[in-house]
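The values are calculated or read from the model by the stated rules, or taken from the named source; none is laboratory data. Since the model is a prediction, treat every value here as computed from it, not as a measurement. Using ideal geometry, Cβ is built from the backbone for each residue, glycine included, and neighbour counts are taken over all protein chains shown. Remember, those area values only see protein heavy atoms, side chains included, never the ligands or the DNA or RNA. Shrake-Rupley method; radii C 1.70, N 1.55, O 1.52, S 1.80 Å.
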Amino acid sequence: MKIWIVNGPSLNLLGLREPEHYGRETYGQLEARIRAYCEEKGIGVHFIQSNHEGDLVDAVQQAYFQGADGIVLNPAAYTHTSVALLDALRAVPVPAVEVHLSRLEEREDFRQVSYVRAACIKTITGMGGDGYLRAVDALEDYHARHF
Ligand code: DQA
């Protein structure tokens, strides 16, 4: 199995950025933790982080063209605005799991809408970095059931 981990704007600033919402783990530490978890399971992993919406659309398309078996996606602020990302996810037959570090359900009204959710097999919120590991588990389960 090969999974792409796609992260949106300002997630590169994890650790520095609003630790009361996103914790103190840095992006590099999170990446290392996900990589180690996937290695243990024998899952290949590829990371993309971008602050640009079009790059995230490209990442979803590339995941398909390069034969990914799943996408773990935290679109960050684009979660709440991006029809383009929703359409990209719907365009490719690659299962995706939506992850948010913070518990969106307890935050501002504008964070209650997720455009991408409709194209994802599962949404995980409020588990911090562990949410990414649970998303890997969900994709592994999905793969075992469908292939
Ligand atoms: C986030 C939640 C979004 O509302 C926010 O814009 C982010 C991070 C999260 O992981 O909790 O950038 O996706």
Open item on the list: Considering only segment 138-145, I want to know if a residue exists there that is more than 16 Å from the chain's Cα centre (by Cα) and among the hydrophobic types (A, V, I, L, M, F, W, C).
Closed with: yes
Open item on the list: Checking the conditions here, which among V92, V113 is in contact with a His (Cβ under 6 Å, 6 or more places away or on another chain), open to solvent by 10 Å² or more (accessible area, probe 1.4 Å) and not hydroxyl-bearing (S, T, Y)?
Closed with: V113
Task: Neighbours by Cβ (under 7 Å, 6+ apart or cross-chain): first from segment 66-84, touching a residue at least 60 places away in the same chain (Cβ under 8 Å); second within 11 Å of the ligand (Cβ to nearest atom) and part of a helix (DSSP H, G or I) - done: V72/Y132; L73/V116; N74/L11; P75/V116; A76/L11; T79/V116
Task: Pair list, Cβ < 9 Å and 6+ apart or interchain, from segment 131-146 residues that are surrounded by fewer than 16 Cβ atoms within 10 Å (Cβ to Cβ) to residues that are assigned to a helix (DSSP H, G or I) - done: D137/K41
TODO: Could you please let me know if S10 is within 11 Å of the ligand (Cβ to nearest atom) and in contact with a Lys or Arg (Cβ under 9 Å, 6 or more places away or on another chain)?
DONE: yes
TODO: Would you confirm whether any residue within segment 93-103 is closer than 23 Å to Y27 by Cα, in contact (Cβ under 8 Å) with a residue 60 or more places away in the chain and in a loop (DSSP other than H, G, I, E, B)?
DONE: yes
Open item on the list: Here's a check for you: in segment 72-98, which residue that is within 12 Å of the chain's Cα centre (by Cα) and β-branched (V, I, T) is nearest to the ligand (Cβ to nearest atom)?
Closed with: T79
